[in-house]
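So the structure is just underneath, and the comments pick up after that.
The values are calculated or read from the model by the stated rules, or taken from the named source; none is laboratory data. Keep in mind it's a predicted model, so treat the numbers as computed, not measured. Please note: Cβ atoms are built from the backbone with ideal geometry, for glycine as well, and neighbour counts cover all protein chains shown. Protein only, heavy atoms only, side chains kept; ligands, DNA and RNA dropped before computing areas. Shrake-Rupley method; radii C 1.70, N 1.55, O 1.52, S 1.80 Å.
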Amino acid sequence: MTRVGFRWLERGSCSHPELMTISGGSLCSVDFPALVGVIEHPTRGTFLFDTGYDPAFIEATTPFPERFYRWTTPVKIGVGQEWQAWLHANQIDENAIAGTVISHFHGDHVAGMRNLADKPIYCARAGLEELRKPGRFGRVRQGLLSALVPPQADANANFFEDAPALPLPSVFAPFEEGHDILGDSSLLAIELPGHCVGHWGLAFTTQEGQPVLLAADAVWSGRSITEHRPPPRITTALLGNTKSYRATLNLLSQAAGNNGDLAILPSHCTASAKAFRKTNAS
């Protein structure tokens, strides 16, 4: 695999009772960061994995029924997480951004797409089609806010399903196949079904030789993987498919148990993000 630079950065957060995200969790509210992957390709430029929260989320959830999304998922977006401020704080050259990889189309993963709609996006066809279906109430129930993804983004979409399928290196086992979205084996999209329609992760190797699997919302916490504790059925049934979700969790647990060098990074897990940064800093 072509190696890439990688940083795992926070852009906004939301809060939920922990019990809704992991079986046996507390009723207390827990903050969950929205993490964005900044991927530096050696020749192609910078790619973002998702976008985190953005002030556009507040705008999109001002009317009803979209306001229900904001009520059920209280969001924090600081001044430093506005687009230009966030780029500057993290030394990201906006002109070097070559595209965005979208794990799925929930609002906390695509809220910044208005800043990137004119650039290539890499996503699941099934997820984009679900976002564009009619019925505002139905979309809100699924965590989808179509206003966050400008229509011009559709014309710039490159679909995971159409990318060549390649066998994954053994370090990612039991996952066997990835879709080569850039055509050079650097970024391999892996379908991780269950959380919602069109939910995918991303596999790659960092410049330091660290294999990474960005698991998006296949779990909210790394503890779900290591302790094999899925969210309660009410959560997984509301957004996706419980049977598929738990099958994906089984695969992630096997991968974590079999491959000690593999970093599996959920998009909302502070502990996993800190552990990854500490390991790579040392």
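So which residues in segment 248-269 are among the polar types (S, T, N, Q) and surrounded by fewer than 21 Cβ atoms within 10 Å (Cβ to Cβ), if there are any at all?
Of everything in segment 248-269, those that are among the polar types (S, T, N, Q) and surrounded by fewer than 21 Cβ atoms within 10 Å (Cβ to Cβ) turn out to be N250, S253, Q254, N258, N259.
So is S272 in a helix (DSSP H, G or I) and open to solvent by less than 10 Å² (accessible area, probe 1.4 Å) or not? Walk me through how you get there before you give the answer.
Details: in a helix (DSSP H, G or I): yes; open to solvent by less than 10 Å² (accessible area, probe 1.4 Å): no.
Here the answer is no, as S272 does not meet what is asked.
Identify, by number, the condition in (1) without any contact (Cβ under 8 Å) to a residue 40 or more places away in the chain; (2) in a helix (DSSP H, G or I); (3) touching a helix residue (DSSP H, G or I) at 6+ places or on another chain (Cβ under 8 Å) that A117 doesn't meet.
Unmet for A117, out of (1) without any contact (Cβ under 8 Å) to a residue 40 or more places away in the chain; (2) in a helix (DSSP H, G or I); (3) touching a helix residue (DSSP H, G or I) at 6+ places or on another chain (Cβ under 8 Å): (2).
Under 9 Å between Cβ atoms, at least 6 apart or on separate chains: pull out the pairs that start in segment 53-80 with a residue that is farther than 28 Å from I92 by Cα and end on any residue that is open to solvent by 60 Å² or more (accessible area, probe 1.4 Å) and in a loop (DSSP other than H, G, I, E, B).
R70/T62
Anything in segment 248-269 that is assigned to a helix (DSSP H, G or I), closer than 28 Å to T51 by Cβ, out of contact with any helix residue (DSSP H, G or I) (no Cβ under 6 Å at 6 or more places or on another chain) and of a type outside the set (S, T, N, Q)? List them, or say none.
Within segment 248-269, L249, L251, A255 qualify.
Just a yes or no: is a residue in segment 60-68 β-branched (V, I, T) and under 19 Å from the mean Cα position of the chain (by Cα)?
Among the residues of segment 60-68, not one is β-branched (V, I, T) and under 19 Å from the mean Cα position of the chain (by Cα), which makes the answer no.
Please go through segment 150-182 and give me each residue that is in contact with a strand residue (DSSP E or B) (Cβ under 8 Å, 6 or more places away or on another chain) and in contact (Cβ under 8 Å) with a residue 60 or more places away in the chain, ordered by number.
P169, V171, F172, F175, I181, L182
Considering (1) of a type in the set (A, V, I, L, M); (2) under 20 Å from the mean Cα position of the chain (by Cα); (3) surrounded by fewer than 24 Cβ atoms within 10 Å (Cβ to Cβ), say which one L27 fails and leave the rest.
Condition not satisfied by L27: (2).
So which strands (runs of 3 or more DSSP E) are wholly in segment 140-247 and hold at least 2 residues that are modelled with pLDDT of 95 or more, surrounded by 15 or more Cβ atoms within 10 Å (Cβ to Cβ) and of a type in the set (F, W, Y)?
In segment 140-247, 200-205 are the strands (runs of 3 or more DSSP E) which contain 2 or more residues that are modelled with pLDDT of 95 or more, surrounded by 15 or more Cβ atoms within 10 Å (Cβ to Cβ) and of a type in the set (F, W, Y).
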